[in-house]
Amino acid sequence: MTRGRSTLRLKRGHDTPRSHPWIFKGDVAEVSDVEPGSEVTVIDSAGRFVGRGLYNPRPGLCCRILTWTDEPLDAAFFRRQLERALALRARRQAQPPALCRLVWSEADGLPGLVVDRYGFVLVMQCLTLGMARLRPTIVEALGGLFGDAQVFDMDEEAAARLEGFSAARGWARGSGPRSVRVNEGGVGFDVTIGVGHKTGLYLDQRENRLRVGALARDRDVLDAFSYTGGFACHALHGGARRAVCIESSPDAIAGARQNLALNGVAARAEIVATNAFDELRRLERTGARFGVIVLDPPPFARNRSAVDAAARGYKEINLRALRMLEPGGSLLTFSCSHHVSEALFEDICRGAAADAAVRIRVADRLTQASDHPVLLNVPETRYLKGLLLEAL
């Protein structure tokens, strides 16, 4: 029934962990002999095996199941899970792409672990105490799969504080390059390792950036919340007449200038260093018009209590954008706020279109890149939602 002494018994009627990997303190009847961050066998109220995971009594989400099979969480297990993740990314080609998310936490059966690939550099993020303790095992397994790759640890401070471990930031072994140059559909980006958020290039928007490149030919493009200019670079590479980037972060602006110059399109780009809300209002007042507009803001709702304020923020920026959209133009608008559902986001955009007094077609519903897989029974694995809207 169980392997080893460390067990977590679920309360009667708390059966969600049979299909969803998260166990909260309210689900737990008792826990025995478990060191924080270590392996635990999960059993139901009758003592029957449920799964095996990593336990930490500190946060409310105290255990995440890694397997529903009675098997040890040893080095061989992690090697197998990483191999499966790689096989998924290589399903349509001979090998995993050189620019992709290799491991997406729960979606790849490794909750609390994220690994992104930027050429020969792998950026690893541990989000739980259990994964942080297993860091050497993960690095060893990655080394076995990518012999020439260098691993950079880039943990999130907030997650580390919540889980009770010291966030790691640095090369897992030896030293590596300060930056690496990558190619995304013919557009080059210089990725600075260990600087900024997500190294300055959000891989979840990779497929949507390619889409903007295809829509932008002979159009004026507005890239709001542009970060390091990923959408603008693709738009200009695709033949846009010009691109206006709105960004307030000095570090992000420096990255955008570098990427625009790298692709030889800086002469057709304008960077406005200011608050995006203020600039969108100013542009609308001046009668500015654009054929393609991208709204890709940071999360407006980091918890449930912030949803109402976030909804007002999303409506404001979409209202301004829709009023500036040329007939036949395209608006790509996104929310990466987990607590803002797809239905709510669409309703917000519908309200913005009504207030803007414009007629809009839903050309497509957008989401995160396919290397950020989504599990149907774990809705938390899908966080990026978006709409491709066309002005009639």
query = Here are some residues: 16, 41, 7. Which one is within 33 Å of the chain's Cα centre (by Cα) and without any contact (Cβ under 8 Å) to a residue 12 or more places away in the chain?
reply = 16
ask   = Taking interchain pairs and intrachain pairs at least six residues apart, which have beta carbon atoms under 7 angstrom, with the first residue in the range 163-174 and within 18 Å of residue 137 (Cβ to Cβ) and the second among the polar types (S, T, N, Q)?
value = 163/56; 163/128; 171/150
remark   = The correct count of residues that are part of a helix (DSSP H, G or I) and either over 18 Å from residue 388 (Cα atoms) or hydrophobic (A, V, I, L, M, F, W, C) (or both) in the range 288-338 is 15
ask   = Restricting attention to the range 306-323, does a residue exist that is among the charged types (D, E, K, R), outside the structural domain of residue 115 (by TED's automatic domain parsing) and either over 26 Å from residue 275 (Cα atoms) or touching a Leu at 6+ places or on another chain (Cβ under 7 Å) (or both)?
value = yes
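Being under 28 Å from the mean Cα position of the chain (by Cα), free of Cβ contacts under 8 Å to residues at least 60 places away in the same chain, surrounded by fewer than 18 Cβ atoms within 10 Å (Cβ to Cβ) and not assigned by TED's automatic domain parsing to the domain that holds residue 162: is that true of residue 47 here?
no
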ask   = Would it be correct to say that residue 115 is of a type in the set (Val, Ile, Thr), touching a residue at least 12 places away in the same chain (Cβ under 8 Å) and outside any helix (DSSP H, G or I)?
value = yes
remark   = Of the residues in the range 32-48, those that are closer than 17 Å to residue 131 by Cβ and of a type in the set (A, V, I, L, M, F, W, C) number 2
query = Any idea how many residues of the range 152-168 are within 17 Å of the chain's Cα centre (by Cα) and not charged (D, E, K, R)?
reply = 3
inquiry  = Every residue in the range 299-350 that is exposed (fewer than 15 other Cβ atoms within 10 Å of the Cβ), closer than 28 Å to residue 287 by Cβ and not charged (D, E, K, R), please.
reply    = 327, 328
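Per-residue answers, yes or no, for (1) closer than 25 Å to residue 89 by Cα; (2) touching a helix residue (DSSP H, G or I) at 6+ places or on another chain (Cβ under 7 Å); (3) in contact (Cβ under 8 Å) with a residue 12 or more places away in the chain:
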site: 335; (1), (2), (3): yes, yes, yes
site: 348; (1), (2), (3): no, yes, yes
site: 354; (1), (2), (3): no, no, no
site: 358; (1), (2), (3): no, yes, yes
site: 366; (1), (2), (3): yes, yes, yes
site: 371; (1), (2), (3): yes, yes, yes
site: 379; (1), (2), (3): yes, no, no
site: 383; (1), (2), (3): yes, no, yes
note = Filtering the range 131-152 down to residues that are surrounded by fewer than 21 Cβ atoms within 10 Å (Cβ to Cβ), closer than 24 Å to residue 179 by Cβ and out of contact with any Lys or Arg (no Cβ under 9 Å at 6 or more places or on another chain) yields 135, 147, 148
request  = Would you be able to say whether some residue in the range 192-212 is more than 19 Å from the chain's Cα centre (by Cα) and surrounded by fewer than 21 Cβ atoms within 10 Å (Cβ to Cβ)?
outcome  = no
ask   = Looking at the range 210-287, what strands (runs of 3 or more DSSP E) fall wholly within it and have at least 1 residues that are over 24 Å from residue 390 (Cβ atoms) and in contact with an Asp or Glu (Cβ under 9 Å, 6 or more places away or on another chain)?
value = 242-247, 269-273
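The values are calculated or read from the model by the stated rules, or taken from the named source; none is laboratory data. The model shown is predicted, which means the values in this text are computed figures rather than measured ones. Positions of Cβ are generated from backbone atoms using ideal geometry, with glycine treated the same way; all protein chains shown enter the neighbour counts.
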